[in-house]
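Reading through the structure tokens given below for one structure.
FYI, it's all coordinate maths here, none of it is from the lab. Since we're looking at a predicted model, the values are computed, not measured. Because the Cβ atoms are built from the backbone with ideal geometry, glycine has one as well, and the counts that use them run over all protein chains shown.
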Amino acid sequence: MSNYCPVIGLEIHCQLATKTKMFCGCEIEVNTTPNKHVCPVCLGMPGAMPVPNKKAVEYAIRLGLALNCEIDLNAMWTRKNYFYPDLPKGYQITQTGGLPVYDHPICKNGWLEIVKEDGTKKRVGITRIHMEEDAGKLIHDMSPTESHFDANRCGTPLCEIVTEPDIRSPEEAVLVLKKIKQTLEYTRVSNANMENGNMRCDGNISLRKSEDAPFGIRAEIKNLNSFTNLEKALYCEMNLQASTLDAGKEVEQCTKRYDPNADKTIVIRSKEDAHDYKYFPEPDMVRLVTDPAFVEEIRRTLPELPDARRKRFMDDFGVSEYDAMVLTEDRDVSEWYDTAAKNCKNGKVLANWVITELLAKVKELEGGLSALKIKPEDLCKLVNLIADNTINGKIAKTVFAEMFETGKDPEAIVKEKGLVQVTDTGAIEEVVRAVCAENAAQFAEFKAGKVALKGFLVGMTMRKSGGKANPGLVNQILDKLAKE
Amino acid sequence: METIKNLSAKLASGETSAVALAQDSLAKIEATKNLNAYISVLNERALAKAAESDKRRAEGKSLGVLDGIPVAVKDNMCLEGTRTTAASKILDNFVAPYTATAIEKLEAAGAVIVGKTNMDEFAMGSSSETSYYGPVKNPLDETRVPGGSSGGSAVAVASGTVACALGSDTGGSIRQPAACTGVVGLKPTYGRVSRYGLLAYASSLDQIGPFGTTVADCATLLNAICGIDPHDNTTSTREPEDFGAKLDAGVKGKVIGVPKEYFADGLDPECKAAIENMLKKMEAEGATLKEVSLPHIGFAVSSYYIIATAEASSNLSRYDGVRYGYRSKEARKLFDLYAKSRSEGFGKEVQRRILLGSYVLSAGFYDAYYVQAQKVRRLITDDFNKAFESVDVIASPTMPGLPLKCGMNESDPMAVYLSDIYTVSLNLSGLPGVSVPCGMAGGLPVGLQWIGKPFQETDLLSVAAATEKLAK
């Protein structure tokens with residue numbers, strides 16, 4: 001197969017975390033009695049009219065600002081016309097225009113930054129973010145002959161984020177999607193949960209011979225609902241397009257889906273079957289006029305965003321860039337660490353504990369971080385106990401295990417179990433001398449220069465002290481005895 | 001014929017009661033059944049509401065001039081618990097689950113809704129002949145149409161079943177039937193009255209407005225129904241005013257614009273004479289006539305039919321047989337459910353307009369039709385703005401001639417479309433307009449259409465009231 005350069009762009013739909021729907025006052029609630037939250041507006045009753053939800057607009061602007069977008073103070077609503085039984089009005093209210101004159105999404109021309117595995121940073125453009133309404137749900141398993149309709153989801157506010165075709169590999173695509181998910185979480189604009197579908201991703205991909213060649217013909221892969229599937233689907237489509245091009249054929253523009261079991265992309269619609277959505281300006285609403293002061297107020301109250309937090313962790317707590325990235329990937333984790341680090345004597349050690357010990361354990365928990373018994377302040381104390389030489393690293397692991405089980409204060413555990421590290425040189429020397437006497441042959445060999453036996457003797461001493469001896473002191477004393 | 005003013009005075013003096021008025025109205029509806037002006041008559045509901053009105057009055061808590069007055073409303077406005085059909089088979093069994101804001105306001109003012117009036121199906125027509133429930137008859141001449149689409153509301157007033165009624169106007173649907181039946185019909189400025197609960201035909205053009213036997217009654221109804229509505233994002237934030245405040249002001253000192261394009265070819269000579277005669281009388285009263293030009297007005301009808309049908313094709317998508325309304329029993333597959341329900345449920349004219357609208361919005365034709373029509377719309381609005389720089393109000397015929405003969409919608413739909421020639425431009429530009437009888441032609445009343453500046457209904461009605469006086 002020849003080498004091709006992929007060109008990738010993403011379209012991400014996310015559900016906004018408002019209490020009520022986009023164009024009516026109905027509550028948003030999932031997994032409840034079908035058609036519990038409906039009204040003439042979201043049911044598309046004759047004569048009912050949409051009125052924009054100000055909170056949803058605020059969320060979209062907040063997201064736009066977080067992704068460095070320009071805010072259109074005179075945005076436009078449009079209609080996307082198509083028939084489907086889950087779409088009550090026969091059209092979806094959106095902000096895509098078809099023609100430039102009718103294309104005024106609330107946010108446009110933004111960017112985000114990803115940090116690649118090799119540490120290099122890359123900017124990816126955000127073409128636009130627009131608002132739209134979700135459709136309802138059809139239920140096919142209630143009757144063998146009829147389909148049922150649940151309108152609870154009808155009119156739920158969505159944002160569609162469209163990136164520029166700036167992405168050059170499936171790995172980068174995953175980083176972009178992660179960054180968007182992270183931004184949605186940090187801004188609290190959406191729950192951004194991919195498993196339950198409140199965030200969905202479509203990937204557009206085409207190939208070309210070289211970085212400076214014009215873009216090739218693209219395929220759009222719909223509904224990639226995990227990072228893994230996004231990466232796999234893009235690779236899969238890349239290979240398929242490469243072999244098509246190698247065979248001297250043209251890639252056909254089409255819409256596809258990805259079957260993860262077969263690891264195949266499957267055509268849903270060819271270009272000829274593409275819908276004509278007949279977009280036109282929504283005449284039931286005036287243009288969405290936004291007061292610049294409202295935008296400034298949102299800008300002023302934007303929460304700390306991932307990039308800023310990453311930098312602060314590095315500057316304030318001495319964490320490496322890589323660790324800072326891991327710590328800030330998830331908003332809740334970053335907040336947990338932030339609380340713990342506040343009074344911590346060694347932010348770097350704390351970061352290690354969070355990344356290697358805590359996160360591994362959290363994975364085992366059913367409720368994740370929220371089910372964790374350890375309080376951030378307590379992990380801070382544990383790290384401080386190590387920093388103070390009150391306990392050593394090994395004992396700390398025992399204490400941590402107990403904290404995880406019981407949620408107890410580490411100081412109390414250390415006190416209760418008498419785990420305070422022995423730093424009294426005299427006391428340790430006594431133990432070391434006893435160990436050397438008990439293992440006279442090994443000690444003799446060590447003394448004769450077999451350095452490898454030092455570890456054995458340290459280990460024996462630690463065991464004899466019940467782990468409480470300061471390992472550094474044990475080493476020093478052994479060296480001293482060897483010279484005697 | 002009665003007026004709100006008279007009826008209200010009789011109620012206040014105790015000469016009659018709301019129940020008696022409702023009974024009288026219901027009896028007249030029954031007696032004029034042959035005119036087919038009503039689709040639903042709300043006997044029980046009306047009598048109950050009338051009784052409530054009488055009770056209020058007895059307790060000294062009358063809600064004002066409309067309390068106890070029987071009113072008819074066009075059957076494309078939702079009234080909770082009552083059938084709302086838009087004169088279409090597709091909604092034959094539809095009972096509205098909520099009430100339109102305009103009706104809600106009327107009822108809040110004490111008005112008694114006696115019935116839902118017949119109309120062109122989904123307000124698509126200018127003859128009130130496309131109704132699933134059969135054509136509305138013109139009481140003045142049964143061989144001629146009563147105009148449309150709000151023909152039922154116009155006839156309800158003209159035949160004396162009610163003193164006033166609500167209609168909706170997308171391209172002339174209030175003014176034109178008012179002219180055909182010799183009553184007064186007002187289309188307010190776009191955004192003046194909430195459209196919430198009005199079954200949309202063309203959202204950017206639709207506006208609810210009143211019919212009455214007098215200009216004063218139209219002002220009274222508009223006072224009751226206007227205002228910003230949190231349910232309608234397109235309503236204007238302008239403060240309501242008393243639209244009847246200047247009814248006796250006369251026309252002295254007014255500058256009346258007379259568009260040269262409106263009084264050229266295509267206007268029936270007898271109608272033209274009636275209107276010019278009225279304008280002369282106004283001149284004698286101290287008004288100044290000034291010729292103005294609306295250079296793009298010749299494109300109004302084509303622009304209107306593109307925008308209106310484009311919006312209609314989308315607005316009517318919700319009638320799909322899935323959640324409510326007519327569903328074909330033949331359908332086995334999803335596509336058939338749509339195709340059959342809509343083919344069987346919509347009448348010919350509605351299907352014609354949905355097809356036309358879908359066509360002008362399709363890829364490849366969009367630029368040539370929809371985008372172009374929107375440009376024309378802008379130009380026509382600019383024409384009016386320019387004309388209004390030098391005049392207070394503009395005079396125009398409401399219709400090019402006498403009401404059309406029955407049956408032309410079938411034989412010559414183009415002629416019917418062209419009968420909107422003087423009215424559609426107001427919907428395109430959002431301007432208020434009122435049709436007032438100004439004289440006679442061929443034994444039938446001739447409507448004079450006054451066009452006002454945006455949100456200047458008070459001044460507009462002032463000129464209309466002067467016309468009314470001079471026509472007597």
- [ ] Can you tell me the FRET efficiency between A:Val420 and A:Thr145 if r is taken as the Cβ-Cβ distance and R0 is 45 Å, rounded to the nearest 0.05?
- [x] 0.05
TODO: Determine the alpha carbon to alpha carbon distance for each of A:Lys137/B:Lys105; A:Lys311/A:Lys373; A:Lys36/B:Lys329 and list only those over 32 Å.
DONE: A:Lys137/B:Lys105
Task: Ellipticity estimate at 222 nm from DSSP helix runs (n ≥ 4, -39,500 (n - 2.57)) divided over chain A, nearest 500 - done: -11500 deg cm²/dmol
Task: Virtual paramagnetic centre 7 Å along Cα→Cβ of A:Asn196, amide N under 15 Å, in region A:340-379 - done: A:367-368, A:370
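Just the number: Rg to Rh for chain A, Cα atoms, Kirkwood Rh, two decimals.
Details: Rg = 29.8 Å, Rh = 26.7 Å.
Taking Rg over the Kirkwood Rh, I get 1.12.
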Task: Compactness index (Cα Rg / 2.2 N^0.38 Å), region B:139-279 - done: 1.13
Open item on the list: Run through region A:224-309 and list the trypsin sites (Lys or Arg not before Pro) located in a DSSP loop whose Cβ has at most 11 other Cβ atoms within 10 Å.
Closed with: A:Lys249
TODO: For chain B, build the charge dipole from Cβ charges (+1 Lys, Arg; -1 Asp, Glu) around the Cα centre, then report which of B:Asn138, B:Phe243, B:Gly110 sits farthest towards its positive end.
DONE: B:Gly110
Open item on the list: Suppose R0 equals 30 Å. What FRET efficiency, 1/(1 + (r/R0)^6) with r the Cβ-Cβ distance, do A:Glu335 and A:Asn475 give to the nearest 0.05?
Closed with: 0.15
Task: Spin-label model distance (nm) - B:Lys348 vs A:Lys447, 7 Å beyond Cα toward Cβ - done: 12.1 nm
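Using the Cα centre of chain B as the reference point, and only Cβ charges (+1 on K/R, -1 on D/E), how large is the resulting charge dipole? Debye, rounded to the nearest 20. Show your work: numbers first, answer last.
Values: 49 positive and 53 negative charges, 123 e Å.
With Lys and Arg at +1 and Asp and Glu at -1, about 600 debye.
Among the trypsin sites (Lys or Arg not before Pro) within region A:365-439, which fall in a DSSP loop and have no more than 13 other Cβ atoms within 10 Å of their own Cβ? Write down the numbers at each step before the final one.
Working: sites: A:Lys373, A:Lys381, A:Lys394, A:Lys397, A:Lys408, A:Lys415, A:Lys417, A:Arg433; in loops: A:Lys373, A:Lys408.
Filter output for region A:365-439: A:Lys373.
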Open item on the list: For the protein assembly as shown, take every pair of Cα atoms, bin their distances at 10 Å starting from 0, and report each bin as a whole percent.
Closed with: 2, 10, 16, 17, 14, 11, 9, 7, 4, 3, 2, 2, 1, 0
Open item on the list: For a test of understanding, tell me how many lysine pairs in region A:391-461 have Cα atoms under 22 Å apart, given they are 8 or more places apart or on different chains.
Closed with: 8
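Placing unit charges on C-beta atoms (Lys and Arg positive, Asp and Glu negative, everything else neutral), compute the dipole magnitude of the protein assembly as shown about its Cα centre in debye, rounded to 20. Present the calculation step by step, with values, prior to reporting the outcome.
Numbers: 114 positive and 125 negative charges, 185 e Å.
Computed charge dipole of the protein assembly as shown: roughly 880 debye.
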TODO: Give the Debye-formula value of log10 I(q)/I(0) at each listed q (0.11, 0.13, 0.17 Å⁻¹), with one equal scatterer per alpha carbon of region B:354-469, two decimals each.
DONE: -0.49, -0.67, -0.98
Open item on the list: With n ≥ 4 as the cut-off for DSSP H runs, can you work out [θ] at 222 nm for chain B, using -39500 (n - 2.57) per run divided by the number of residues, rounded to the nearest 500?
Closed with: -11500 deg cm²/dmol
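So, counting K/R as plus one and D/E as minus one, what does the shell of residues with Cβ under 14 Å around B:Ala387 add up to?
Summing Lys/Arg as +1 and Asp/Glu as -1 gives -2.
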Task: Label-point gap, in nm, between A:Asn68 and B:Thr288 - each point 7 angstrom along Cα→Cβ - done: 6.2 nm
TODO: Pick out, from A:Tyr59, A:Ile8, A:Asn35, the residue whose Cα sits farthest towards the positive end of the charge dipole of region A:1-61, with +1 on the Cβ of Lys and Arg and -1 on the Cβ of Asp and Glu.
DONE: A:Asn35
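Over region B:238-340, what lengths in whole Å, largest first, do the semi-axes of the equivalent ellipsoid take, defined as the square roots of 5 times the eigenvalues of the alpha-carbon gyration tensor? All intermediate terms of the calculation are to be shown ahead of the outcome.
On the way: eigenvalues 463, 87, 36 Å².
Semi-axes from the Cα gyration tensor: 48, 21, 13 Å.
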TODO: Report the local net charge at A:Phe400: Lys and Arg +1, Asp and Glu -1, summed over other residues whose C-beta lies under 12 Å from its C-beta.
DONE: +2
Open item on the list: Please report the spacing between the Cα centers of region A:111-142 and region B:200-260 in Å, no decimals.
Closed with: 47 Å
Task: Inter-part distance where region A:17-78 and region A:377-414 are each reduced to a Cα centre, Å - done: 48 Å
Open item on the list: Quick check: Cα centre of region A:199-215 to Cα centre of region B:111-168, how many Å?
Closed with: 60 Å
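Add +1 for every Lys or Arg and -1 for every Asp or Glu among the other residues with Cβ under 12 Å from the Cβ of A:Asp323, and state the total. Could you put the intermediate results ahead of the total?
Values: positive: A:Arg310, A:Lys348; negative: A:Glu321, A:Glu329.
Net charge around A:Asp323: 0.
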Task: Residue-wise HN-Hα coupling along region A:247-254, computed from phi with Karplus coefficients 6.51, -1.76, 1.60 (Hz; x: Gly, Pro) - done: 7, x, 9, 9, 6, 9, 5, 7
Task: Reach of A:Lys381 by Cα under 13 Å, taken over aspartates and glutamates that are not fewer than 8 positions away in the same chain - done: A:Asp409, A:Glu411
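Using a Förster radius of 35 Å, what is the FRET efficiency between B:Arg332 and B:Leu355 based on their Cβ-Cβ separation? Nearest 0.05, please. Don't skip to the end; give the middle numbers.
Details: r = 24 Å, r/R0 = 0.69.
In this case the efficiency is close to 0.90.
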Open item on the list: Which three extents, in angstrom, do the Cα atoms of chain B have along their principal axes, listed largest first?
Closed with: 70, 60, 44
- [ ] Please turn the phi angles of region A:5-12 into ³J(HN,Hα) values with the Karplus equation 6.51 cos²θ - 1.76 cosθ + 1.60 (θ = phi - 60°), one per residue in order, whole Hz, x for glycine and proline.
- [x] 9, x, 10, 10, x, 10, 10, 10
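List the trypsin sites (Lys or Arg not before Pro) in region B:302-356 that DSSP assigns to loop (not H, G, I, E or B) and whose Cβ has at most 11 other Cβ atoms within 10 Å. Which are they? List each step's numbers first, then the result.
Details: sites: B:Arg318, B:Arg323, B:Arg327, B:Lys329, B:Arg332, B:Lys333, B:Lys340, B:Arg342, B:Lys348, B:Arg352, B:Arg353; in loops: B:Arg323, B:Arg327, B:Lys329, B:Arg332, B:Lys333.
Those satisfying the criteria are B:Lys329, B:Arg332, B:Lys333.
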Task: Positive-end residue of A:Leu73, A:Cys254, A:Met194, charge dipole of chain A with Cβ unit charges - done: A:Met194
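Packing-wise, with mean Cβ within 10 Å as the measure, how do B:367-380, B:176-189, A:22-35 rank, highest first? Could the numbers behind the result be given before it?
Values: B:367-380: 18.4, B:176-189: 31.7, A:22-35: 15.6.
Final packing ranking: B:176-189, B:367-380, A:22-35.
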